[in-house]
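The values are calculated or read from the model by the stated rules, or taken from the named source; none is laboratory data. The shown structure was predicted, so the numbers you read here are calculated from the model rather than taken from an experiment. Cβ placement follows ideal geometry from the backbone for every residue including glycine, while neighbour counts extend to all protein chains displayed.
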Amino acid sequence: MKSFLPTSVYAVLNYAIALLLISTLWTFDTIHIGGAALFLPLLIGWLQLIMAIFAKNELGFLKVFPMVMHNVNDVIMGSFLMCSPWVYDFHSKIWIPQVLFGGALFLMGIFTVGSPFLKKDHELQQGGITPDQLV
């Protein structure tokens, strides 16, 4: 597969998903459910917003975090968010926003240009990254 999502589009989507995750308290009424359904989207939304501000891309303000780190964190947080309704057993009340936003984060982390997930070993070594550093 080939990366197809430019970092400029990724930056816009990252801010949008971060703000949507933070707003799930009100838009999907998770404030009445409480527990992990309330705090996980809120926590991951704030982490995404902070990482977007610090990212080395077109819309990052402080440009500290490399995009490789950001992509890896997106895949980890997205997969965790997708599984959270079943792990924390609130899937009978709400699961759609967690799966949608978690899936979007997961796919963004994989298909952004420069993502380490679609590069071959020799491409990583030319960029100064060895396969051992990804583990």
Exercise. For residues in region 13-60 being of a type in the set (Gly, Ala, Ser) and either in contact with a His (Cβ under 6 Å, 6 or more places away or on another chain) or not in a helix (DSSP H, G or I) (or both), which is farthest from Tyr88 (Cα to Cα)?
Worked result: Gly60
Problem set entry | Val75 vs. criteria hydrophobic (A, V, I, L, M, F, W, C), surrounded by fewer than 18 Cβ atoms within 10 Å (Cβ to Cβ) and free of Cβ contacts under 8 Å to residues at least 60 places away in the same chain | no
Exercise. Among (1) modelled with pLDDT of 90 or more; (2) among the β-branched types (Val, Ile, Thr); (3) over 16 Å from Gly109 (Cα atoms); (4) out of contact with any helix residue (DSSP H, G or I) (no Cβ under 8 Å at 6 or more places or on another chain), where does Ile22 come up short?
Worked result: (4)
Exercise. Restricting attention to region 3-12, and to residues there that are in contact with a strand residue (DSSP E or B) (Cβ under 9 Å, 6 or more places away or on another chain) and in a helix (DSSP H, G or I), which single residue is farthest from Val72 (Cα to Cα)?
Worked result: Val9
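Conditions (1) aromatic (Phe, Trp, Tyr); (2) under 29 Å from Met1 (Cα atoms); (3) surrounded by fewer than 14 Cβ atoms within 10 Å (Cβ to Cβ), marked per residue:
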residue: Leu38; (1), (2), (3): no, no, no
residue: Leu62; (1), (2), (3): no, no, yes
residue: Val68; (1), (2), (3): no, yes, no
residue: Ser79; (1), (2), (3): no, yes, no
residue: Ala104; (1), (2), (3): no, yes, no
residue: Met108; (1), (2), (3): no, yes, no
For this session: Select from region 79-102 the residues that are in a helix (DSSP H, G or I) and of a type in the set (Phe, Trp, Tyr) and write down the one among them that is nearest to Ser23 (Cα to Cα).
Result: Phe101
For this session: Given the conditions (1) without any contact (Cβ under 8 Å) to a residue 40 or more places away in the chain; (2) closer than 13 Å to Val113 by Cα, report the number of the one that Ser8 does not fulfil.
Result: (1)
Exercise. When residues of region 36-83 are filtered for being within 16 Å of Leu25 (Cα to Cα) and among the small types (Gly, Ala, Ser), how many remain?
Worked result: 3
For this session: Only residues that are modelled with pLDDT of 60 or more, assigned to a loop (DSSP other than H, G, I, E, B) and among the β-branched types (Val, Ile, Thr): list them for region 104-133, please.
Result: Val113
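Do we have Thr30 as among the hydroxyl-bearing types (Ser, Thr, Tyr), over 15 Å from Phe106 (Cα atoms) and under 17 Å from the mean Cα position of the chain (by Cα) here? Spell out the reasoning first.
Working: among the hydroxyl-bearing types (Ser, Thr, Tyr): yes; over 15 Å from Phe106 (Cα atoms): yes; under 17 Å from the mean Cα position of the chain (by Cα): no.
So Thr30 does not fit the description; no.
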